Amino acid sequence: MTEQDITLTVNGTEHELSVEPRELLVHTLRDDMGYTGPNVGCETTMCGACTVQMDGDAVKACTVLAVQADGAEITTIEGLSDDGDHPLQESFQEEHGLQCGYCTPGMIMTAADYLEDEPDPDREEIREALEGNICRCTGYQNIVNAVESAAEKMHAEDAAADGGVIEEGGD
Ligand code: FES
Ligand code: FES
């Protein structure tokens, strides 16, 4: 099959490569480029293990053809933070938000996009935001704990950066 030239910027680095028009983005990232953070679970849009961010929005990389991502900025779990661990990564460790870890990169990439838009969610909202991500180990309670904890940390960091005072029990 004739390959097509595309450009992908992954975690801030621009790459030029040739791909078959039928190739899924998740395979390009993993097999052609070595970004193995996004996992392949179902390849049918069901599990969310392959979630990355494309131009800032969480997408399931098994639902996007690599050629459709031509020119896009892609962030994988490997590039989520360039300054140590992201608060979500810290909180997933602290709250034991993973067991086998297979779903974890996708969970975190979905949550990171969600918390950008909704910095102070309640537990039910977190569950709804993650409904497209399946944990086969069923560790949802701790996953929600982790996202809740990360949201609090990010809220505190933002307040500190603004030189503000964190309100006790504030919304
Ligand atoms: S591998 Fe993409 S949603 Fe399951
Ligand atoms: S921790 Fe095993 S799939 Fe979620």
Practice task
Using Cα pairs closer than 8 Å and at least 6 residues apart in sequence, work out the relative contact order for region 1-143, in percent.
Solution key: 25 percent
Handout entry: Spin-label model distance (nm) - Met46 vs Asp83, 7 Å beyond Cα toward Cβ
Key = 4.1 nm
Handout entry: Derived scalar couplings ³J(HN,Hα) [region 37-46; Karplus, 6.51 cos²θ - 1.76 cosθ + 1.60; whole Hz; x for Gly, Pro]
Key = x, x, 9, 9, x, 10, 6, 10, 6, 8
Practice task
Compare the peptides 118-128, 89-99 by average per-residue count of other Cβ atoms within 10 angstrom and give them in order, highest first.
Solution key: 89-99, 118-128
Exercise for the section: Using amide H atoms built 1.01 Å from N in the peptide plane, name the residues 5+ places from Val10, or on other chains, whose amide H lies under 5 Å from its own. Expected result: His15, Ile74
Completion exercise
Spelling it out for Leu65: with amide H atoms placed in the peptide plane at 1.01 Å from N, the residues 5 or more places away or on another chain with amide H under 5 Å from its amide H are Leu25
Fill in the blank from the handout: Rounded to the nearest whole number, the Stokes-Einstein translational diffusion coefficient of the chain at 20 °C and 1.002 mPa s (Kirkwood radius, C-alpha pairs) in µm²/s is 128 µm²/s
Completion exercise
With x for Gly and Pro, the residue-by-residue ³J(HN,Hα) of region 14-20, computed from phi through the Karplus equation 6.51 cos²θ - 1.76 cosθ + 1.60 at θ = phi - 60° and given in whole Hz, is 7, 10, 10, 8, 10, 9, 6
Fill in the blank from the handout: Computed for region 87-161: size of charge dipole around the Cα centre, +1 on C-beta of each Lys and Arg, -1 on C-beta of each Asp and Glu, debye to nearest 20, value 500 debye
Exercise for the section: Compute the length gained on full extension between Asp117 and Asp32: take 0.36 nm times their separation in residues and subtract their Cα-Cα distance, giving the result in nm to one decimal. Expected result: 27.4 nm
Handout entry: Computed [θ] at 222 nm, helices only, for the chain once each DSSP H run of length n ≥ 4 contributes -39500 (n - 2.57)
Key = -9500 deg cm²/dmol
Exercise for the section: In vacuum, with every alpha carbon of region 1-41 counted as one equal point scatterer, what does the Debye formula give for log10 I(q)/I(0) at q = 0.26, 0.29 Å⁻¹? Two decimals, please. Expected result: -0.96, -1.11
Practice task
Would you mind pulling out the separation of the Cα centroids of region 19-98 and region 124-153, in Å?
Solution key: 18 Å
Exercise for the section: Can you tell me the relative contact order of region 4-79? Whole percent, Cα pairs under 8 Å, sequence separation 6 or more. Expected result: 39 percent
Exercise for the section: At 0.36 nm per residue, minus the direct Cα-Cα distance, what do Lys153 and Arg22 gain on full extension? Give it in nm, one decimal, please. Expected result: 43.1 nm
Practice task
List every residue whose amide H lies under 5 Å from the amide H of Gln4, counting only residues 5 or more places away in sequence or on a different chain, with H placed 1.01 Å from N in the peptide plane.
Solution key: Val19, Glu20
Problem - Derived scalar couplings ³J(HN,Hα) [region 73-86; Karplus, 6.51 cos²θ - 1.76 cosθ + 1.60; whole Hz; x for Gly, Pro] - result: 9, 10, 10, 10, 4, 5, x, 4, 9, 9, 9, x, 6, 5
Problem - Test item: Cα-centred dipole of the chain, Lys/Arg +1 and Asp/Glu -1 on Cβ, debye - result: 960 debye
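Bear in mind these aren't lab numbers, they're just calculated from the coordinates by the rules spelled out. What you are looking at is a predicted structure, and each value in this text was computed from that prediction instead of being measured. No Cβ is skipped: glycine too gets one built from the backbone with ideal geometry, and neighbour counts run over all protein chains shown.
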